[in-house]
Amino acid sequence: MIKDQLGLALGSSRTRERMSWLKWTLPVLVALACSNIGVRVWQSWKERADVEALAANRVSVLATLSASIVQSHISSIDAAFSLTTGAIGSQTVSDDTLGKITQSLNPLLRDFVVSVYGNDDRLMATSRRLQHVDAPTIASLLESAGKQPSVTHVIVLPGDGEGVLYFAKAHLDGAGRHDVTTIVTLRMTQSLFVGMNLATHTMAILHVGDQVIARIPPLPGMPIASFVPLGQERRHASVLGTYYSTLPLDGQERLFAQRDILLDSGRQHWRLDVGYAVDTYRSAWRRGFYLNLGAMVIVAALLLGGYFMLRRERQIRSERAAWTRITNMILENMPMPVLVVAAGDGAIILANDASLGLFGAMASPGQPFPNLFTVVSAWEAIHDSDVSETTSMQTRNGPVDMLMRCREIDSPGNLGSMLLVTLTDISEQAQQMRQLQTAADLDPLTELPNRRYFDNAAERLTTMAREQPSSLAVIELDLDHFKRVNDSYGHAAGDRVLGVVAKLIRGAAREADVAARIGGEEFAMLLPDTSLEQAETVANRLRRSVEGTPILLEDGTTIVQTISMGVSVYLSREPGIDAALARADAALYEAKASGRNRVVVAPADVASAAD
Ligand SMILES: Nc1nc2c(ncn2[C@@H]2O[C@H](COP(=O)(O)OP(=O)(O)OP(=O)(O)O)[C@@H](O)[C@H]2O)c(=O)[nH]1
């Protein structure tokens, strides 16, 4: 029951709804995000393969184009040999003829010289007379050509930044004997690349065997005629004839495509490797991949965070639910009524079983708590602070004295200030207290209030007279010659006389008046809102009443008792009743002295009595 009330008050069902919504949607979100991540990783990987394949295709095409350019230059050299062979056959070899041959061939191949040497190694004709001729190389070539006349002999030598290429081919006369040798000199091997258009970061290496003939860019670390630095550790790329290799020269990985260049009518071949740095085409893909990866990591982190937060919240909720169950059980089993009340409008927020048992439906949530008080306004005095008050409350069995403890508590959400109210039924104790109070304040012989009660009442009435302001009269009464009654008829008879006179005094007092026995045979009266004259009248009426009431004793004797009285009035400037009592006492003394059975009014400044 308490649980339901709490749910109503705190809106926990709404929280539950939200939680169950999250419980189902979060796994769906996780599944969606995971599949998204998977697809994106797969896409990225596939993209990488596509990028590699595209690059391999491009380098392959570039290599083919480049090879065809180099091949066309080599064809010019082949053509130079065959034209020169023709001139030799027709015996028209001269400097002029050879000059024309070189001019007619490839103007792109700069410093292209054709020379013809005789059997005695003597220069017979040349397309251009050179100042410096590398005689040892020429000698070596002529020797090789003489030994193997059927092939073209090639020597590549380093130059000043550029290499020099020598081609030599022997010519056989009609009888098949070696008569002359043609030597073609290409003084700038780099000119074999003329016409190629390579992009930045692209490299081309032309080589024969493991010897560099020409290269782009013209790297100083890779001199002509040196060892080809292409690493042996090659990794095949996706397109046939392409491979990855890292040059030890710069440590950069490149994607190469290799093509064969044919010379000597296809009897020999050179190799052309064209490649470009993988970083140039991979960086864009890598950037995209890392961006994707970063986004995926963030999404995964968010989802993980959400998952752990949800798990933590679930844990907290179950712990809270366990505590709520325990608290509810304690509250429900508490024998004393406990309620939670809104401090603002006093509406009951929740009430335990003991409260409902005691007050019924009046204590149901939503009902006004002040209605449970016997005097509704009592709530006003206590609702806004932590208090512990005794008050009367209207239960199903009528008014009951309760000890009410109020304590302000933290309210969950925006429910405003709340009070925890615990009630203890103290009707029994209150009854006992009242009885004790009555016994302590009452004179057992006359059943009039005693001196203690008189003093308390005097304090209350003087305060009231001072604050309102109003007139408060005082009468002091004393039985005349009472000692004689005791002496003549005994103490019991004296007691009886005291009882009868007390009854007459009580009869003379109004409801608001206080009449008390303040000594042995002394009485006093306090008369609120009473002037001195009115009090004198009351006193005289009482005096006559006592005098006119014969008292029958146990032995059948009848006696007449008289009383003397002193009358005064309380002055508002006085702190208490003592001065007024002293004046009444003095007046009483005067009444006794002047013959008894009379009323004497104290000579007080009556006009100032109520000031
Ligand atoms: N029977 C009885 N006598 C009491 C009680 N209290 C006081 N007395 C008596 O009251 C008498 C008071 O006597 P006094 O003070 O001499 O006064 P009085 O005889 O009344 O004389 P005046 O007051 O001068 O008229 C004493 O004899 C007390 O014993 C009481 O409770 N019962």
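The values are calculated or read from the model by the stated rules, or taken from the named source; none is laboratory data. Here the structure is a predicted model, which is why all the values come from computation and not from measurement. Here the Cβ positions follow ideal geometry from the backbone for every residue, glycine too, while neighbour counts run over all protein chains shown. Keep in mind that these areas ignore ligands, DNA and RNA; they rest on the heavy atoms of the full protein, side chains included. Shrake-Rupley method; radii C 1.70, N 1.55, O 1.52, S 1.80 Å.
Some observations on this one:
- Label positions at R129 and L32, each projected 7 Å from the Cα along the C-beta direction, are separated by 9.0 nm.
- When only alpha carbons are used to place a centre, the stretch 161-211 and the stretch 251-288 end up 21 Å from one another.
- Estimated from the Cβ-Cβ distance and a Förster radius of 60 angstrom, the FRET efficiency linking S140 and E47 is about 0.60.
- Once the 1.4 Å probe is applied to the protein heavy atoms, the stretch 442-608 comes out at 48 Å² accessible per residue.
- Each residue, R177 and S377, gets one label point 7 Å from its Cα in the Cβ direction; the gap between the two is 15.7 nm.
- Each residue of the stretch 149-154 was assigned a 3J(HN,Hα) from its phi angle through the Karplus expression (A = 6.51, B = -1.76, C = 1.60, θ = phi - 60°), giving x, 7, 10, 8, 9, 10 Hz with x at Gly and Pro.
- Across the stretch 442-608, Cα-Cα pairs farther apart than 29 Å form 16% of the total.
- All-pairs alpha carbon distance profile, the chain, 20 Å steps from 0, percent: 14, 18, 13, 10, 9, 9, 10, 9, 6, 2, 0
- Of the Cα atoms belonging to the stretch 34-101, the radius of gyration and Dmax stand at 26.4, 84 Å.
- By accessible area, using a 1.4 Å probe on protein heavy atoms only, the chain has 56% of its surface on carbon and sulfur.
- Unit Cα scatterers, Debye sum, the stretch 23-304: log10 I(q)/I(0) for q = 0.07, 0.11, 0.17 Å⁻¹: -0.39, -0.71, -1.25
- Accessible surface for the stretch 23-304, divided over its residues, is 51 Å² per residue with a 1.4 Å probe.
- Adding -39500 (n - 2.57) for every DSSP H run of four residues or longer, then dividing by how many residues the chain holds, sets the calculated 222 nm ellipticity at -15000 deg cm²/dmol.
- Entry comment: accessible area of the stretch 334-432 is 49 Å² per residue, from protein heavy atoms only and a probe of 1.4 Å.
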